[in-house]
Amino acid sequence: MSRDRSLSVKLRADVSNYLAGIKQAGNATREFAGKAGEGVAQHKADWATVGQSVTVAGLAIAAGVGFAVSRFADFDAAMSAAAAATRASARDLGLLRDAAMQAGADTQYSATEAAQAITELGKAGLSTADILGGGLTGALSLAAAGQMDVAEAAELSAVAMKQFGLGGDKVSHVADLLAAGAGKAVGSVEDMGMALKQSGLVAAQTGVSIEETTGTLAAFASAGLIGSDAGTSFKTMLQRLNPQSKEAADAMEALGISAYNSQGEFVGMSVLAGQLKGIVVQALCRAAECGASNDLRL
């Protein structure tokens with residue numbers, strides 16, 4: 001009986017202690033919640049700022065991803081056009097793609113612009129080997145020298161190569177010639193390119209080198225004749241070196257103008273210019289009634 005009573009007292013004590021512990025834990029929990037709520041209320045503005053920053057960052061990241069996807073789509077479309085223009089094999093197309101991406105990393109132009117240059121070079125009939133062998137690099141150099149559109153620079157480069165039978169490794173040389181010519185006369189690199197585009201084929205057929213052609217066009221530009229007008233004038237002049245009639249042939253012979261040697265080869269612009277200069281000097285001397293010893297400089 002006493003044992004049962006002792007057990008009952010012990011159980012009540014344990015239960016009382018357990019309930020007290022529960023109450024204490026509840027009070028502590030409510031106190032923590034109150035402080036947490038108080039802290040959130042105090043820093044509500046800070047939390048709002050954080051939320052706005054996270055939102056802005058998320059939007060920026062999303063916009064960046066969208067921009068990157070758009071740029072990749074543009075590049076992919078440009079390479080599809082390049083594939084159609086060059087008719088490159090899968091292996092060659094991979095090499096062209098790598099070259100365009102490398103150009104985008106190494107130059108001021110994007111990979112998409114480089115792909116557009118490849119397209120123009122391909123349209124002009126350049127092979128993958130020519131494009132990779134200097135054609136693309138030369139076209140980008142020409143665009144940079146003249147601050148031109150990349151596709152337009154590539155077109156001019158390709159046309160010059162085809163006109164004068166040059167390889168892809170000579171495109172950089174073409175760019176240097178055009179830039180040098182523009183630097184010594186009025187007009188731009190683009191003007192020089194247009195002049196070359198108009199006259200290059202006839203010049204090459206006549207036997208004039210691309211160096212002499214660009215030099216002559218630079219001389220034209222120094223006199224104020226630039227662009228396609230200069231090219232057309234130069235082309236017409238070269239065509240007239242082959243007499244169109246017996247009267248023209250007799251007149252050229254009388255004046256001492258001989259544009260071709262005994263092998264039928266063009267004598268060169270320097271020799272021809274010397275002949276024309278001599279004719280002018282003689283005419284001026286006759287007009288001034290001067291002697292042959294008169295040292296008249298033009």
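Taking each residue as 0.36 nm, the span from residue 241 to residue 229 lengthens on full extension beyond its C-alpha to C-alpha distance by 2.4 nm. Look at the alpha carbon pairs under 8 Å that are at least 6 residues apart: their mean separation over the length of segment 84-153 gives a relative contact order of 31 percent. Taking a threshold of 28 Å on the Cα-Cα distance, which of the pairs 162/277; 246/277; 162/235; 162/246 fall above it? Violating the 28 Å limit, Cα to Cα: 162/277; 162/246. With contacts taken as Cα pairs under 8 Å at a separation of at least 6 residues, segment 172-298 carries a relative contact order of 21 percent.
Take 190-196, 161-167 and order them by the average number of nearby Cβ atoms within 10 Å per residue, most first; the result is 190-196, 161-167. Using 0.36 nm per residue and subtracting the Cα-Cα separation, the extra length available between residue 262 and residue 284 on full extension is 4.9 nm. Each peptide in 229-236, 107-114, 204-211, 240-247 gets a packing score, the mean of other Cβ atoms within 10 Å over its residues, and the list from highest to lowest is 107-114, 229-236, 204-211, 240-247.
Within the accessible surface of segment 189-298, defined with a 1.4 Å probe on protein heavy atoms only, the carbon and sulfur portion equals 53 percent. At an R0 of 41 angstrom, the distance between the Cβ atoms of residue 186 and residue 250 translates into a FRET efficiency of 0.60.
Can you give me the distance in nm between label points at residue 271 and residue 76, each placed 7 Å from the Cα along the Cα-to-Cβ direction? Computed distance between label sites residue 271 and residue 76 equals 6.0 nm. Reported to the nearest whole Å, the Cα centre-to-centre distance from segment 203-236 to segment 109-141 is 25.
The values are calculated or read from the model by the stated rules, or taken from the named source; none is laboratory data. Model, not experiment: these values are computed from the prediction. Here Cβ is always computed from backbone atoms with ideal geometry, including for glycine, and neighbour counts include all displayed protein chains. Remember, those area values only see protein heavy atoms, side chains included, never the ligands or the DNA or RNA. Shrake-Rupley method; radii C 1.70, N 1.55, O 1.52, S 1.80 Å.
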